[in-house]
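Below is one structure, written out as structure tokens; comments come after it.
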Amino acid sequence: MEDNQTEQAVTFKSLGLNDALCEACEKLGWKNPSKIQCEALPIAFQKRDIIGLAETGSGKTGAFALPILQALLATPQRLFALVLTPTRELAYQISEQFEALGSSIGVKCAVIVGGMDMMSQSIALAKKPHIVIATPGRLVDHLENTKGFSLRSIQYLVMDEADRILNMDFEVDLDKILKILPPSSTRSTYLYSATMTKKVAKLQRASLRDPIKIEVSDKYATVDKLQQTYLFIPSKFKDVYLVSILNDMSGKSIIVFASTCTTTLRLALLTRNLGFTTVPLHGQMSQTKRLGALNKFKGKARSILIATDVASRGLDIPHVDVVINYDIPNHSKDYIHRVGRTARAGRSGKSITFVTQYDIELYQRIEFLIGKQLPQYVTQEDEVMTLLERVNEADRQARIQMKEIEDERKDHRQKRKKKEQNNHDDIQVEQPKKKRKKEFNDSENGFGVKKHLKKKNKNK
Ligand SMILES: Nc1ncnc2c1ncn2[C@@H]1O[C@H](COP(=O)(O)OP(=O)(O)OP(=O)(O)O)[C@@H](O)[C@H]1O
């Protein structure tokens, strides 16, 4: 983490971290603490509440995980800390980091997120892990329905991506969680994000106890090593420009952000029809498919990830070279998180934001938020336009594929409904056991695309 390292003199040890954890940092290749870690660790060791604001990819996870692990080692206790995150993928990632840092002290984590089996999560909770990492909705489900599960003993509460967690859409769940936690006077609370709300009322909901605010960079700064650009194009040519840029950047790892699940799927199909190795990630996919897609991208089996904002916060995939905002984000703060998926931990990266005739106001808000004007991404329009026909054809195919996938889904839903109805009618009569139909949602698209393509090829 070149840029985030402070002077050689500051080491994890000199900040007061114990030997086991210093060794764990070394094993991860963390030679020196990052700026946010330098600031946060001593304050956390004094048991103070923290509001931590630092740029994307600057090591905030370590800044809250290390003091929690150090305290756990001093006073071992089950159900010691709760970490709340807005997305499921981020919960898994945080758990991996806790486990990597805490491997020598045998720390046990449980990830409690939606879309995964409740029963196996209940079993994991019954084993009383040290750290629970959860998305708010599923945690509330367990608090209400899993017998014997309580968080009354936790000593630490972390809200990662805190401004998002404190947003309206998590309000009801968060209030329920806060009500059953021990009072703030008997626990430490940490709020971390790259963008923090200034609204005092929102922060008060987290019921912090005289918190110390740590800001290691200018407000809402984007990373220096990130080369940000925009591209002003007519809305109708977004696809062809996207394909042209993907062509130019072949071999690089790229995340493309789109605003809806439908566009994400369409772009994934369109680009695949043109031979790119693309994988989509959006909220309408099953959780298993979401994790599968992400792992393919992380493992470099796919070079392009096309995603909605489920991937905009927190995901740490060091090899991402480029972020393309195909659709401009509706909230300017999301821009900071999206482009922060590249240029992490001192590496460099590029971002290109498409700005159409409809996006000018939103774009100006982004420039205002980051406090700078960005240069235009340079392209040769005539060269780009040579691709137009092929891109339009790939799009036409993609739309047909989407329609067929949707029809297949509807058909599947109807069959399932009918089956349920039959089972209900014949409740007294034992049904012959049918072989369970292969899960419909069985491709990495989450919409059975592969199956559909196979069938099509057969018909050819
Ligand atoms: N002291 C360190 N030295 C070197 N690398 C580090 C250090 N601390 C963390 N890292 C690495 O930096 C990367 C980014 O860390 P992390 O995911 O915690 O960033 P973040 O600040 O939470 O970013 P975001 O705002 O996007 O969530 C990770 O790969 C992590 O392993």
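Table for the structure above
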| read-out | value |
| --- | --- |
| Accessible surface, per residue, of the chain when the full set of protein chains is kept, probe 1.4 Å, Å² | 48 Å² |
| The chain, helix-only ellipticity at 222 nm - DSSP H runs n ≥ 4, -39,500 (n - 2.57), divided by all residues, nearest 500 | -13000 deg cm²/dmol |
| Rough spin-label spacing in nm, given labels placed 7 Å along Cα→Cβ, for residue 179 and residue 104 | 4.4 nm |
| Candidates per trypsin sites (Lys or Arg not before Pro) in the range 169-201, loop by DSSP, up to 16 other Cβ within 10 Å | 198, 199 |
| Kirkwood hydrodynamic radius of the chain, Cα pairs, Å | 23.9 Å |
| Cα-Cα separations in the range 2-215 greater than 21 Å, expressed as whole percent | 50 percent |
| Charge context of residue 173, other residues only, Cβ under 10 angstrom, K/R +1, D/E -1 | -2 |
| Protein accessible area in the chain, 1.4 Å probe - carbon and sulfur % | 50 percent |
| Relative contact order of the chain, defined on C-alpha pairs under 8 angstrom at six or more residues apart (%) | 16 percent |
| When each of 31/289; 176/198; 13/296; 127/202 is checked by Cα-Cα distance, pairs over 26 Å | 31/289; 13/296; 127/202 |
| Dimensions (Å) - the range 226-405, Cα atoms, principal axes, largest first | 45, 38, 27 |
| Positive minus negative residues near residue 244 (Lys, Arg vs Asp, Glu; Cβ under 10 Å) | -4 |
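The values are calculated or read from the model by the stated rules, or taken from the named source; none is laboratory data. These numbers were taken from a predicted model, which means no experiment stands behind them. Every residue, glycine as well, gets a Cβ built from its backbone with ideal geometry; the counts of neighbours run over all protein chains shown. What goes into the accessible areas is simple: the full protein's heavy atoms, side chains included, and nothing from ligands, DNA or RNA. Shrake-Rupley method; radii C 1.70, N 1.55, O 1.52, S 1.80 Å.
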